[in-house]
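Let me begin by presenting the structure, written as structure tokens, before commenting on it.
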Amino acid sequence: MNQSKRIIFHALPTTTAEFLALPQAAMATPHDTAALTVAALCAFEKNREATYEMLNILRGPRPLSEYEKQFIRDRFMDGKGYIPRSYFAGATPANDYTPARPYTIEVLENVYSFSNEGFAKLLLQSGGADSPRQIELRLAKDGKWYLWEQYLLSGIRMPESSNPWA
């Protein structure tokens, strides 16, 4: 890894208004947009529609399709709301993915992160996965970095409280 940036949230948004009030909502860097994606996904269990609205803001002129909404719903089936929380510092299977506060996400770069002009491929480490997960962002002519593709909702180790083998 070449570089990393830490993005800190003092509270996680549960509504679109709270989301837009975050300083990172300016989406001035790909790192901010990557971290905002995790924050938006964390709201899913409490407010599914607000999560879709937040993701649509992050996606800019490419709103979620019904297929993409269904994909996200499927990833949260069977109580898997811990998956997005796993990207915050301190969240591990041992503590049921309870993040340390303030909520901190380390966004990683590698030698390929900026190899395509106007795109950024960044990495986020989950406390329940062995290797980092990729998120791709795209720079628009308005100067903002938008969510292009995310691979953050893949399965991870289950929390110890729900693991019959732990």
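The values are calculated or read from the model by the stated rules, or taken from the named source; none is laboratory data. This structure is a prediction, so every number in the text was calculated from the model and none was measured. Please note: Cβ atoms are built from the backbone with ideal geometry, for glycine as well, and neighbour counts cover all protein chains shown.
Please identify the pairs in which a residue from segment 96-107 that is within 20 Å of R157 (Cα to Cα) and exposed (fewer than 14 other Cβ atoms within 10 Å of the Cβ) has its Cβ atom under 6 Å from the Cβ atom of a residue that is modelled with pLDDT of 95 or more and among the small types (G, A, S), counting only partners at least 6 apart or on another chain.
Pairs that qualify, where the first residue is within 20 Å of R157 (Cα to Cα) and exposed (fewer than 14 other Cβ atoms within 10 Å of the Cβ) and the partner is modelled with pLDDT of 95 or more and among the small types (G, A, S), are A100/A89; A100/G90.
Are any residues in segment 139-163 over 13 Å from the mean Cα position of the chain (by Cα) and under 24 Å from G81 (Cβ atoms), and if so, which ones? I'd like the intermediate steps shown before the answer.
The first filter runs over segment 139-163 and keeps only residues over 13 Å from the mean Cα position of the chain (by Cα), leaving 139-145, 155-163.
Across segment 139-163, the qualifying residues are G155, I156, R157, M158, P159, E160, S161, S162, N163.
Would you confirm, using the coordinates I've provided, whether L64 is within 16 Å of the chain's Cα centre (by Cα) and in a strand (DSSP E or B)?
Working: within 16 Å of the chain's Cα centre (by Cα): yes; in a strand (DSSP E or B): no.
The answer is no for L64.
Out of all the residues in segment 138-158, which are more than 18 Å from L55 (Cβ to Cβ) and among the aromatic types (F, W, Y)?
Those that are more than 18 Å from L55 (Cβ to Cβ) and among the aromatic types (F, W, Y): none in segment 138-158.
This table checks each residue for (1) crowded, with 21+ Cβ neighbours inside 10 Å; (2) part of a loop (DSSP other than H, G, I, E, B); (3) among the aliphatic types (A, V, I, L, M).
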position	(1), (2), (3)
S4	no, no, no
P13	yes, yes, no
A25	no, no, yes
A28	no, yes, yes
L55	yes, no, yes
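Look at segment 147-166 and say how many of its residues are part of a strand (DSSP E or B) and surrounded by 19 or more Cβ atoms within 10 Å (Cβ to Cβ). Let's see the steps before the verdict.
Within segment 147-166, the subset part of a strand (DSSP E or B) is 147-150.
Still in the list and also surrounded by 19 or more Cβ atoms within 10 Å (Cβ to Cβ): 147-148, 150.
Of the residues in segment 147-166, 3 are part of a strand (DSSP E or B) and surrounded by 19 or more Cβ atoms within 10 Å (Cβ to Cβ).
Would you mention how many residues in segment 81-91 are closer than 19 Å to E45 by Cα and surrounded by fewer than 18 Cβ atoms within 10 Å (Cβ to Cβ)? Don't jump to the end; show me each part of the working.
Initially, segment 81-91 is screened for residues closer than 19 Å to E45 by Cα, giving 81-88, 91.
The next check asks that each one be surrounded by fewer than 18 Cβ atoms within 10 Å (Cβ to Cβ); those that pass are 81.
So the count comes out to 1.
Being part of a strand (DSSP E or B) and either at pLDDT below 95 or polar (S, T, N, Q) (or both) is the filter here, so list the residues in segment 96-108 that pass it.
Applying the first criterion (part of a strand (DSSP E or B)) to segment 96-108 yields 103-108.
The answer is T104, and nothing else.
Here are the criteria: (1) of a type outside the set (D, E, K, R); (2) within 26 Å of A120 (Cβ to Cβ); (3) not in a helix (DSSP H, G or I). Tell me which single one A39 does not satisfy.
Unmet condition: (3).
Scan segment 109-139 for residues that are closer than 11 Å to P30 by Cα, assigned to a loop (DSSP other than H, G, I, E, B) and not aromatic (F, W, Y) and jot them down.
S113, G118, listed by residue number.
Tell me, yes or no, whether segment 74-81 has at least one residue that is touching a residue at least 40 places away in the same chain (Cβ under 8 Å), part of a helix (DSSP H, G or I), under 30 Å from P164 (Cα atoms) and out of contact with any Pro (no Cβ under 6 Å at 6 or more places or on another chain).
yes
Only one of these conditions is not met by F71: (1) assigned to a loop (DSSP other than H, G, I, E, B); (2) exposed (fewer than 14 other Cβ atoms within 10 Å of the Cβ); (3) hydrophobic (A, V, I, L, M, F, W, C). Which number is it?
All conditions pass for F71, except number (1).
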